[in-house]
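Notes follow the structure.
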Amino acid sequence: MKNRALFLVVVSGLLGFSWSSLAQPVDQTSHLDVNQLFATTCGWCHNDGGRTAGKGPQLMNTKRSDDFIRNRIKHGKEGAMPAFGSTFSDADIDKIIQYIRALKPEQP
Amino acid sequence: MLKRQRTLALSLALASGTALAASGAMAQTIDSKRIEANNPNDWLTYHGSYNSYHYSGLTQINAKNVKNLSVAWIHIPGHSTRGLQSMPLVADGILYYTGSYSRVFAIDGATGGVMWAYTPELDDALVARQTHSPYNRGAALGEGKVFVGTVDGRLIALDMKTGKPVWDTKLIDSQKLTVGFTGAPLYANGVVIIGSQGGEWPVQGKIYGIDANSGQKKWEFNTTGDDSAKATWGNDTWRIGGGGGWMPGAFDPKTNTVWWGTSNPDPLYDWSGGDYKTKGARPGDNLYTSSVLGLDVETGKLKFYHQELPHDTWDFDAAPGEFVMLQRGGQNYVVHPNKSGFIFVYDDSAHVKNVWPIVHNYNFVKNIDPKTGELIGRRDFAAGKQDDVLCPHISGGVSWNSGSYNPKTGLYYKLGQEWCMKLEVVKTTPVTQPQVQLNIGANFTIAPPPDGPIYGHLDARDPITGAKKWEVRFPEPPMASVMSTAGNLVFVPDSRGIVHAFDASTGKELWTHNDGLGHQGGIMSYSAGGKQYVAVTSGFGGMVSDDFAPAFGGVYKSMPRDDGALVVYSLSK
């Protein structure tokens, strides 16, 4: 919980996103800037902001369900992906999933 | 006094040519004098000895008979998440090595029989959220103990005979800072030195000196935060500057000086452009990151330093790599590879004597002044996509593993890696507090060099001048350590899983064996019961080798990244 608070302090960039349309109720608004999150943390494995495969799989156009992605972000995978369950709130994770679903190839 | 008597006894034994027997009853205590004496039957430190040669003086296995080398025994440690990355050690015929999760094994070097095994209880929740984890790169030996660091920030001493913990000292608040220890410690003069992870995280990376007997911390050196360093970090960014020293250094017994390399600052990639002294995420030179340090072994006081890359904005830190100490023409030299693929040659106070590149593809600088070490034509980034690929790739021009110096041939055998990356630097929000995850500052993908495909190469070079005698190329960069021997051999465990033995004088390949798993750890040689053995850790996976499957396909697609084996060879005839 403390770690999550720290992370929220350091990762800023309000997007003003409304969570009313999400399927799952959330207990707070996420202030996570997912673009920055990929540039600081996720991008070493999920390259090009998640658009291409690196150490981790390509996230753009993933066939995985929201529940699968949510579970993987929370609990990680031993030896392959860290667990972020103590870092991100449910609202943060929903925002990450929305970012993944919206990924498009970059324009040349 | 007792220590002096033991030292004298050992010196007399060595002087009379008495080989140390592989019997516990005959074993001498391991102190700095014994390590310095460097009996070729043993391999007492990560770098083989204090002079960091990664060289075996044994000759039973040599260029004439290496064709008869075959597997003597294998040990499977199990649970090798992200492979095996450690350097085995041997004292008095007993082999000690570590696996993932800082597990430690003591094995009869002649038979492969397990004498004891130790599994520390770790903070599993912490380990689960770490990126550079749970591998371990080795242990240290001294005063009847085996020392090993853990990814949850502890240094543990085990009784060499029983594997039972003697002390267990918490050094880092890893639950808060995420970083811990993956590198091997170094024992010198009754002190165990170990460096923390740090470069990728917004923390203050530190190097620690611990009393080998009591486990009490004697000193710590903050790689971002001593008084003279703070002025080189604008906006007080030293508070979260990264650094650390994640690989073991060396010890100069002439001056009681610990040589240690430090890691990069964070964010790894800065958007300052050319005004890095006053602008960007961490304005200034960012001392003492990406530097080599000379620390007093007793106090940890800084005696001298050289910052190899001021304001490193390429993640080419100075933490990995050996400190080859040699003498030529009455001059003491210390040779240290920077992750960028430039080899720095110092005197014994870290004054630059030469700098030469082992990689063919580099453009983070135009050059490094061989007389002063100054970066010439450095490439600093503004935010946004970079037009040209950056060379080398973030994985470095050289691996975190070590090269080898062979005093018989006078050559330095070192692997170079030719790969680059597409890069987009991102102006991220400044981090002001320790953060639980990485602080990279960019998006990137691996890319080939401008003039051809990715490859690796083993060079045989003069360590001082860099003059090349021969080169052998590999289709993918080998990541493991190299060992040369008095038998005129150079061993290279490659990424596909093949161990190669080359003629040290000519580079001619003399022997190969497939270990079945890629290599990214240590190789060493020892003697037990009068017989020479070569031991190598195999097992792939981690922040560098996880790129191999998407980049190269082939054998890497199906290569496990959660497996490993210690493979030990001897002559079959």
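Residues in segment A:92-108 that are in a helix (DSSP H, G or I) and more than 10 Å from the chain's Cα centre (by Cα): A:R101 alone.
Only one entry of B:V398, B:V365 meets the criterion of being under 30 Å from B:L58 (Cα atoms), β-branched (V, I, T) and touching a Gly at 6+ places or on another chain (Cβ under 6 Å), and that entry is B:V398.
Any residue at all in segment B:305-321 that's at pLDDT 95 or above, in contact with a Gly (Cβ under 8 Å, 6 or more places away or on another chain) and surrounded by fewer than 23 Cβ atoms within 10 Å (Cβ to Cβ)? Within segment B:305-321, one or more residues are at pLDDT 95 or above, in contact with a Gly (Cβ under 8 Å, 6 or more places away or on another chain) and surrounded by fewer than 23 Cβ atoms within 10 Å (Cβ to Cβ). For segment A:60-91, filtered to residues that are among the β-branched types (V, I, T) and within 13 Å of chain B (Cβ to nearest Cβ), the residue that is nearest to the chain's Cα centre (by Cα) is A:I73.
Restrict the check to segment A:44-58 and report whether at least one residue is more than 14 Å from chain B (Cβ to nearest Cβ), surrounded by 16 or more Cβ atoms within 10 Å (Cβ to Cβ), touching a Lys or Arg at 6+ places or on another chain (Cβ under 9 Å) and at pLDDT below 95. Give the derivation first.
First pass over segment A:44-58, keeping only residues more than 14 Å from chain B (Cβ to nearest Cβ): none.
No: segment A:44-58 contains no residue that is more than 14 Å from chain B (Cβ to nearest Cβ), surrounded by 16 or more Cβ atoms within 10 Å (Cβ to Cβ), touching a Lys or Arg at 6+ places or on another chain (Cβ under 9 Å) and at pLDDT below 95.
If the condition is being among the hydroxyl-bearing types (S, T, Y) and surrounded by fewer than 22 Cβ atoms within 10 Å (Cβ to Cβ), then segment B:332-361 contributes B:Y333, B:S349. Only one of the numbered conditions (1) within 25 Å of B:M543 (Cβ to Cβ); (2) modelled with pLDDT of 90 or more; (3) not small (G, A, S) is not met by A:T40, and that is (2). Residue count for segment A:92-108, restricted to those that are within 14 Å of another protein chain (Cβ to nearest Cβ) and either closer than 18 Å to A:N47 by Cβ or surrounded by fewer than 17 Cβ atoms within 10 Å (Cβ to Cβ) (or both): 7.
Suppose we filter segment A:34-43 for residues that are surrounded by 17 or more Cβ atoms within 10 Å (Cβ to Cβ), among the polar types (S, T, N, Q) and either in contact (Cβ under 8 Å) with a residue 24 or more places away in the chain or more than 8 Å from chain B (Cβ to nearest Cβ) (or both); how many remain? If you could, list the steps in order and put the result at the bottom.
Taking segment A:34-43 first, the residues surrounded by 17 or more Cβ atoms within 10 Å (Cβ to Cβ) are A:34, A:36-43.
Pick out the ones that are also among the polar types (S, T, N, Q) and you get A:36, A:40-41.
From what's left, either in contact (Cβ under 8 Å) with a residue 24 or more places away in the chain or more than 8 Å from chain B (Cβ to nearest Cβ) (or both): A:36, A:40.
Looking only at that region, the number is 2.
Scanning segment B:402-426 for residues that are among the charged types (D, E, K, R) and under 11 Å from B:V359 (Cα atoms) yields B:K414, B:E418.
Against the definition (surrounded by fewer than 20 Cβ atoms within 10 Å (Cβ to Cβ) and not polar (S, T, N, Q)), how does B:E476 come out, yes or no? It would help to see each step written out before you state the result.
Values: surrounded by fewer than 20 Cβ atoms within 10 Å (Cβ to Cβ): no; not polar (S, T, N, Q): yes.
For B:E476, the condition - surrounded by fewer than 20 Cβ atoms within 10 Å (Cβ to Cβ) and not polar (S, T, N, Q) - is not met.
Restricting segment B:123-165 to residues that are out of contact with any strand residue (DSSP E or B) (no Cβ under 7 Å at 6 or more places or on another chain) and among the hydrophobic types (A, V, I, L, M, F, W, C) leaves a set whose member that is farthest from the other protein chains (Cβ to nearest Cβ) is B:V151.
Which residues, counting only those in segment B:321-341, are within 16 Å of the chain's Cα centre (by Cα) and either assigned to a strand (DSSP E or B) or over 29 Å from B:C420 (Cβ atoms) (or both)? Scanning segment B:321-341 gives B:V324, B:M325, B:V334, B:V335, B:H336, B:P337. Scanning segment B:78-122 for residues that are within 14 Å of chain A (Cβ to nearest Cβ), assigned to a strand (DSSP E or B) and surrounded by fewer than 21 Cβ atoms within 10 Å (Cβ to Cβ) yields no hits at all. Looking at segment B:518-561, which of its residues are buried (at least 24 other Cβ atoms within 10 Å of the Cβ), away from chain A (no Cβ under 12 Å) and not in a strand (DSSP E or B)? Within segment B:518-561, B:G518, B:H519, B:Q520, B:G521, B:G522 meet the criteria. Restricting B:F552, B:F548, B:F540 to those that are of a type outside the set (S, T, Y), in contact (Cβ under 8 Å) with a residue 12 or more places away in the chain and touching a Gly at 6+ places or on another chain (Cβ under 7 Å) reduces the list to B:F540.
The values are calculated or read from the model by the stated rules, or taken from the named source; none is laboratory data. The structure displayed is predicted, hence computed values, not measured ones. Neighbour counts run over all protein chains shown; Cβ positions are idealised from the backbone, glycine included.
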